Structure formats: structure tokens, C-alpha cells
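Working notes for the structure below.
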Ligand SMILES: [Zn+2]
């Protein structure tokens, strides 16, 4: 999809990088470790519900788990004074991870969230600066800039990076490109054709490997969740971050 993207405010990428690093440290993660968005939500006391929750309005659930499944990825909603994430459980695991990371980015950035929904084309039909910020931070959380650069220098493919970090190939490609990782790696190789053979083994990432992607891990919440009317028919259903989760790369290219 063609993103109608607004530029990020000056200095935001650096801010997102620092914030993501602090949060990943809170979770005890090294730079090359995959992040579990559900553990992050739990750490911040944000329940993660899915459309199978009995409190969800049946008609909307049928719509968003059926013909319009691609149009709703997730939302950050208010449950009284508490915030909760609602995700679309019919999506594949990597897309769901990206959705939850995107909604958590809204939380971490303290966005005003009356209702933030992530759909399939965009987090909404307009790519607001708020959505771009959430995408950027979620990208840093899931695949930090430094890890992307290290992976690129090692010559990992998009698929290998995606497997390692539990993200879609599209998201991996977006991060590898948007962070300049691929460009830097190419330049490096041009200068040092034999770099690959000379690389050291202590740069943080041992090998692509496969991430054990935890099964959703939705945190059950008791009590009714008045999300009903809150579930928009249109709205940003592209869980931002997962460039790989959208039908088209949103913004710069995640999803
Ligand atoms: Zn959003």
C-alpha cells in the first residue's frame, strides 16, 4: 500500500532507539534476543484480549474473523480506567506479535488513545504521525537497529532475520532497509571484499536460528470488556509494526 506517511519529528528515531533499549533491558534481553510482546504487555499491566473473548460483540467478531479478517489487527482500548489490547486471533503468530508490539508502542509513548486501532492497510486510513511513531518504536523493540546491522553485516537473508526475531519477512526487510543496515553492509563489503570471511564471532548474534514464538499468551481478564462499540469497522487495522502483517508495506515498509 502506498503510505501517506508523515515524517517523523526530528530526533524521534533516536528517542525510539533509546526507549526500546531501556524496555528491552527491563525484560532482560540482549540486543540480539527476540522480544516477546506479550511479556512486555504483562510487564506493563496491559491485558491482551482476543476476539474470542466472550465479552466481544458477536456480530463484529464474525465480521473481523471472517470476510474482513485482514482489516482488523488490533486495538488499544479503554476498559474503564484501564487500558487493554484487543488482537485478532485469526492472524498468524508473527503478525499478532507485531500487532501487540505496535499497540504497546502506543502505551510506551503515552499516546492519547481514545481508541487506537490497527488494521490491514494502515493503522487507519491515514498514516498519522502517531501511527508512524508507534511503528518506529515497535520496529526497534522487535528488531533493534544494532541487531539489524549486525545481521546484515553477517549476510543474513530477510528470511533468516525474520526467523531469528519472530517477525514477518516484510518487517525484517523494512528494518534492514530503513535502518540502513543493508546499505552499510554493502558498503562494507565493497571496501572489504573478504569481510565475510574475516568477521568475528563475538558480535552478538550467533546465528539466525529459529525463535520459539510463544503462542499468543493472551492474558485473561475477568469481567466484561466494553469493547463492543469500540471495534471500528474501518480504522487502522494494520497493526502497524508488522510491516509483514499488512497487505502492503505501510509507511516505510514494515508489514
Ligand atoms: Zn496504531
Which order do the peptides 20-28, 160-168 take when ranked by the mean count of other beta-carbon atoms within 10 Å per residue, highest first?
160-168, 20-28
Ranked highest first by the average count of other Cβ atoms within 10 Å around their residues, in what order do 173-184, 41-52, 96-107, 67-78 fall?
96-107, 67-78, 173-184, 41-52
Could you give the nm distance between label points at residue 112 and residue 9, where each point is 7 Å from its Cα heading toward the beta carbon?
1.2
What distance in nm lies between label points placed 7 Å from Cα along the C-beta direction at residue 157 and residue 18?
3.9
For residue 192, placing the label point 7 angstrom along Cα-to-beta-carbon and taking the range 125-156, residues whose amide nitrogen sits under 15 Å are 150-155
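Since every read-out is calculated from the coordinates, none of them should be taken as a lab result. Here the structure is a predicted model, which is why all the values come from computation and not from measurement. No Cβ is skipped: glycine too gets one built from the backbone with ideal geometry, and neighbour counts run over all protein chains shown.
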